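The values are calculated or read from the model by the stated rules, or taken from the named source; none is laboratory data. Nothing here was measured: the structure is a model prediction, and the numbers come from that model. Positions of Cβ are generated from backbone atoms using ideal geometry, with glycine treated the same way; all protein chains shown enter the neighbour counts.
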Amino acid sequence: MIGTAPGELRALVDRLERLAERRLALGPRSEPAATRARQLVDHLHGHVRVRAQSLDAPLVVLLVGPTGAGKSTIFNTIVGRNASPTGVLRPTTRSAVVLAHPTDREGLREGALAGMSAGSIRFVADDEVPPGLALVDTPDVDSVEHANRLLADRLVEAADLAVFVTTATRYADRVPWAVLERVRDRGLPLMVVVNRMPPDDADQAEILSDVARLMAEAGLETEFIGVREGDLEAGGDRLAPATIRPLIDEVGRLRSDREARVRLAARALMGSLAGLGESVERVADDADHEAIDVDALRRAADRAYASGLTDLEQEVRHGTFLREEALRHWQTFVGADQITRFFSEGIGRVRGAIQAVFRPATAPVGEVRAATTDDLLAAARLQAAEAARRTATTWSDWPGMGEAVSAEADLWLPTADFDDRLRGRLEGWIDSIVGDIQLRGGPKRTLARGGTLGVNVLGTGVMLASFLHTGGLTGAEIGVAAATAFLNQKLLSALFGEAAMTELVTDARNRLQELLLTTFDEERARFDRLLPPDGALQRVADDLRSVATELQALPTSE
């Protein structure tokens, strides 16, 4: 083998194929990037995979060249019979003619020649051809038939040995040299036949020297065979075998020498892999660029929802979302006028008056809880809707994202179950306050102070205290919210003590912040379904670039 063992080559192909499929599965965002990713996968499946699975699979020897160069004549000379038609109609070869042993036909169809239409390939079965070798006569690469040039390019991808057939007057034509550049990029082994040479030896030497110069300038190393004009056998369909003896000998060697076929197959595989280095780099670059865009999209969504949550927390912190009606209910229940008088007489008077002031039978617990839940839910929904609108708008304006966002109309609004999810969490949160009171208000004297009220009434007081702050207010200050906040804090302090009250309210606020954060995180997360998993693009780009380095280091010549 040339530098790399078969097992190592197969492992490299396996890794590259998995990476190419990973990249394609991440959904390239632009058409050029998608095309490059698909072409890489298709080439790996259609050619490289077959070569890697069986390095001694049928070898493909390709005859390629311009119109009228005599490819079919040389083809017939190699096989010793008229297997490929010749004539004056151009392009003569309208489909690729494949000469192979009958047992190799299926392997070629499923391997090196997979994906080619039945009309573009004509198989000629020959029991006398040793298994494992196929000769292919291509359509003329410079004909007016565009399909011929595309087929020739595809066959170059499938070949293991290329034989470039040209003439003494056509060897510098640009179109065939474009195909040779692809042969060079692939590291494909190459032989050159210059047909219809002048009879003078000096003229032949001058032409072959110029061909060698052009080949060297193009970075191609090859053996040259010159064929004089008119060196044909009787009938005109074949050359005299001696004129292309080096080529016939090489094909004969490949036919008879299995080890040589394996070496050539390995070299062709390594050349094919090495030629993919730049393509893999470009696919990695595409993934890199998209990773930057995806991170920017995520940051835009994070900012929108963080801003919405911050605004909501401001409303919660100051109780601005609460309706005045609910606060009046609670203020009436606690008896604002009498309690204000009691506070002026000292905290002991407040504790002594609790039973006289509070009227549990008429406590508006249900009304206040329902109104608070509805008001907070409405405020949260408004902020979530604004965050969704801002995120969807930003993403829609991003290159390659507009169509995806438009197809997900629900992203412009809060999720359909937003109200149900948040309402359930808020009700659970209020219940947790009641449970907290039962645990932290454990001492009998504390429960006894509020025993007439019941823990649900006390829980409602703590709930309101989570939203309403006195912030230095006095009972003389005007406003329902101010009065309610003042009374709530003083009463809870009287019942539980200042430290216990502060702890109850702080814990309630923290749990509320957590459930709001969870809800907003869920709303934010649904945008991620339009993006690859976090970090996936960067990982695949790094892995592709690592493999590209290995590919470019592969040896491509003896």
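Yes or no: Met191 within 19 Å of Val156 (Cα to Cα), surrounded by 12 or more Cβ atoms within 10 Å (Cβ to Cβ) and in contact with an Asp or Glu (Cβ under 6 Å, 6 or more places away or on another chain)? When the stated conditions are applied, Met191 passes them. Within the stretch 526-553, residues that are of a type in the set (Asp, Glu) sit with their Cβ atoms under 7 Å from residues that are surrounded by 16 or more Cβ atoms within 10 Å (Cβ to Cβ), at 6+ positions apart or across chains, in these pairs: Asp543/Leu19; Glu550/Leu12. Listed by position, the strands (runs of 3 or more DSSP E) enclosed by the stretch 120-229 include none that has at least 1 residues that are touching a strand residue (DSSP E or B) at 6+ places or on another chain (Cβ under 7 Å), at pLDDT 85 or above and not assigned by TED's automatic domain parsing to the domain that holds Thr243.
The residue list Thr4, Thr67 contains one member that is farther than 20 Å from Gly132 by Cβ, touching a helix residue (DSSP H, G or I) at 6+ places or on another chain (Cβ under 7 Å), modelled with pLDDT under 85 and surrounded by fewer than 23 Cβ atoms within 10 Å (Cβ to Cβ), which is Thr4.
The single condition from (1) of a type in the set (A, V, I, L, M, F, W, C); (2) over 30 Å from Leu411 (Cβ atoms); (3) at pLDDT below 95 that Leu531 fails is (2).
Residue count for the stretch 411-422 satisfying the condition of being in a helix (DSSP H, G or I), free of Cβ contacts under 8 Å to residues at least 24 places away in the same chain and touching a helix residue (DSSP H, G or I) at 6+ places or on another chain (Cβ under 9 Å): 0. Residues in the stretch 79-107 that are at pLDDT 80 or above and touching a helix residue (DSSP H, G or I) at 6+ places or on another chain (Cβ under 9 Å): 5 in all. In the set Arg425, Arg445, only one residue is modelled with pLDDT of 90 or more and either surrounded by 12 or more Cβ atoms within 10 Å (Cβ to Cβ) or in a helix (DSSP H, G or I) (or both); that residue is Arg425.
Taking the condition touching a residue at least 40 places away in the same chain (Cβ under 8 Å) and among the acidic types (Asp, Glu), does Glu503 pass? Yes, satisfied. Restricting the search to the stretch 216-255, which residues are buried (at least 18 other Cβ atoms within 10 Å of the Cβ), within 20 Å of Leu59 (Cα to Cα) and of a type in the set (Asp, Glu)? Scanning the stretch 216-255 gives a single hit, Glu250. Among residues of the stretch 96-116 that are assigned to a loop (DSSP other than H, G, I, E, B), those with a beta-carbon under 7 Å from a residue that is among the acidic types (Asp, Glu) and surrounded by fewer than 20 Cβ atoms within 10 Å (Cβ to Cβ) at least six positions away or on a different chain give the pairs His101/Asp126; His101/Asp127.
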